[in-house]
Each structure stands twice: as C-alpha cells, then as structure tokens.
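A short worksheet on the structure shown next.
FYI, it's all coordinate maths here, none of it is from the lab. All figures in this text were calculated on a predicted structure; none of them were measured in a lab. We place every Cβ from the backbone using ideal geometry, glycine too, and count neighbours over all the protein chains shown.
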Amino acid sequence: MKTVSRFTAIAAVLLASSSAFAADWSSNSVTYAYVPDQSEPGVLGKVSKNIMTFTHVSGDKLGSNLFNIDLLKSSSNDFASGNGGVGAQEWYGFFQRKFSLNAMTGNTTGYGIAKDLSLTARVDAGAKNTQFAPAPRKLQLGVSAAMPVSAGFWDIGVAAYKENNHNGFAQKNVSFDVAPALNSAWAIPVAGLGTFGGFASIVGPKGKDGDGNQTATESLIRATFMFDVMGPKSGLTAGVGVEYWNNKFGCKNSLSPKKDACTSTTPLVLVSYAL
C-alpha cells in the first residue's frame with residue numbers, strides 16, 4: 001500500500017504541474033494493433049495480442065505532456081487466472097511530463113547538436129489477470145534531448161528507473177533496484193507517403209526478481225510506418241511495423257523452461273485515427 005500511495009502522490013504532482021498552464025496545442029488518437037508473435041516469460045509457445053491504445057499529447061509554455069494507455073487481450077495460451085480457455089486481459093499506461101529548458105530559460109540557440117533539452121518525469125502503471133498477477137509501478141526521472149530533424153521529432157533521453165511489481169507465484173511484492181534507462185522516440189513524416197515512427201527503451205539490470213534470479217538488461221524496440229489513408233488531413237492512417245523485445249521484464253532465456261521465452265521479434269499491423 002505504501003508503494004501504491006507513493007506512486008499515486010508522484011502522479012498527482014505531475015498532473016498538477018501539467019494542468020497549471022493551459023495547453024497551447026493538443027492531439028488525441030486511438031490505435032488498434034495486432035501483434036501475432038510475442039513471447040511471454042513462463043508461457044509455452046508464442047502469444048498473439050490485440051491491443052487498443054488511446055494517446056493524448058499536449059504542449060504548454062513550459063513543456064509537454066504525453067498520456068498513453070493500452071488495453072491488451074492475449075491468445076488463449078496466455079490464459080487468465082482460473083480460466084484456461086480465455087486469454088488474459090491487461091492494461092498498461094503511462095504519463096510523461098517534460099519541462100523544456102528552452103522555454104524556461106529563453107534560450108534559442110539549442111545545446112550542441114540538440115535543439116532543446118528537457119527535464120523528464122514519467123510514471124507507469126499496469127495490471128494483468130494471470131496467475132502471476134503482475135502489477136507494475138514504475139518511475140523514471142531524467143533528461144532528454146530533441147534532435148535536429150527537419151520535420152516531426154526525434155528525442156533521446158537518459159533516466160533513473162525504479163520499479164515495483166507483484167509476483168503471484170511467490171505471493172509477494174518486489175521492489176527492484178534503481179537502474180539506468182535509455183529511451184528514444186521518433187515520428188518523422190515522409191512526404192507524400194506517411195510517417196516513420198517508433199520508440200526504443202533499454203533498462204539495465206535492476207537487481208533480483210521475485211524468484212531470486214538476477215535480472216538482465218531489457219531492450220524493447222518498435223518501428224512502424226503509417227501510411228496516410230484518404231490524404232494527410234483525414235486523420236486515418238494504417239501501417240505495418242516490427243517489434244524486438246529482448247530479456248522481457250529483465251528475465252533470462254537461460255533460466256526459462258523453453259527456448260526464447262524472454263525474447264521475440266514480431267511483425268505488427270496497425271490502424272490509427274486522430275480524434
């Protein structure tokens with residue numbers, strides 16, 4: 001309960017700071033993605049998932065806000081607790097607040113090759129109705145740099161990462177060590193076609209998991225190309241992508257009962273609509 005209260009308090013502070021200033025701009029979108037070939041630690045065989053996502057992005061005179069929430073439904077081999085015939089359901093969301101140094105200092109020349117630097121705070125939370133019953137709560141504090149692309153954006157950041165989670169098999173909550181994290185996100189328009197977008201996240205070893213095993217460096221990279229459907233102003237895009245996830249959640253393939261349980265490379269099919 002103390003951990004939940006702590007993360008709730010941090011999230012409230014971030015939300016309060018973001019609502020203190022009226023948004024100068026904002027956008028919302030909903031996205032459906034089909035992921036046919038993921039791995040799940042402890043699950044035999046590959047897992048397919050249907051994912052519905054809502055994303056909100058906005059900016060004000062001090063920086064930007066990003067809120068994202070996924071609703072995920074797994075295939076039946078990744079089954080819900082107490083029901084082996086029904087795939088598990090999961091939600092996962094995060095809120096990220098950036099404070100732009102350009103905006104706060106009035107600087108207009110950038111910082112070396114970076115157009116801007118930002119102080120970044122991010123809170124993640126989620127839950128899944130499997131026997132393992134994960135309930136991640138994560139906090140990241142760091143800095144990010146806006147790279148000098150001519151259109152769209154490309155950000156690179158470094159942060160201190162702290163995670164608390166639940167291990168239903170061990171019947172306990174797990175407080176992981178603080179770990180370094182590298183993050184990147186991008187969305188670059190390609191004239192006349194669509195947008196090349198994606199993200200990358202690398203989290204270093206975060207101590208021992210709930211079973212007493214040392215965690216490994218986790219890497220998650222997703223790249224997509226979304227084509228404009230009925231023109232760039234229609235708000236409707238559709239596309240394909242690829243996702244690579246290594247040492248998922250920090251687990252190691254060498255400690256898993258099946259090959260590549262913690263690593264997968266899968267295609268994606270996506271449809272998105274800007275509200």
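Under 13 Å from a label point set 7 Å out along the Cα-to-Cβ vector of L255, the amide N atoms of segment 187-231 belong to 205-218.
Springs between Cα atoms under 10 Å define the GNM used for the chain, and in it the highest mean-square fluctuation of S175, S81, S254 occurs at S254. By the rule of a C-alpha distance below 20 Å, with chain neighbours fewer than 8 residues away ignored, the lysines paired with K128 are K46, K49, K73, K138, K162, K172, K248. Could you work out how far helix 2-19 tilts from the main Cα principal axis of the chain, as a 0 to 90 degree angle to the nearest 10? Around 20 degrees separate the two axes. Once R0 is set to 25 Å, what does the formula 1/(1 + (r/R0)^6) return for the Cβ-Cβ distance between I188 and F99, expressed as a FRET efficiency to the nearest 0.05? That gives a FRET efficiency of 0.55. For segment 2-274, the fraction of C-alpha pairs more than 33 angstrom apart is 23%.
Computing FRET efficiency as 1/(1 + (r/R0)^6) for L119 and W91, where r is the C-beta to C-beta distance and R0 is 30 Å, gives about 0.60. Net charge in the neighbourhood of N107 (other residues with Cβ under 14 Å of its Cβ; Lys, Arg +1, Asp, Glu -1) is 0.
Under the definition of Cα pairs under 8 Å and six or more residues apart, what whole-number percent is the relative contact order of the chain? Here the relative contact order equals 15 percent.
Using just its DSSP H runs of length 4 or more, each adding -39500 (n - 2.57), the chain gives a mean residue ellipticity at 222 nm of -2500 deg cm²/dmol after division by all residues.
Between A22 and A238, the distance separating the two model label sites (each 7 Å from Cα on the Cα→Cβ line) works out to 4.0 nm. Summing charges over all other residues whose Cβ lies under 11 Å from the Cβ of T120, with Lys and Arg as +1 and Asp and Glu as -1, gives +2.
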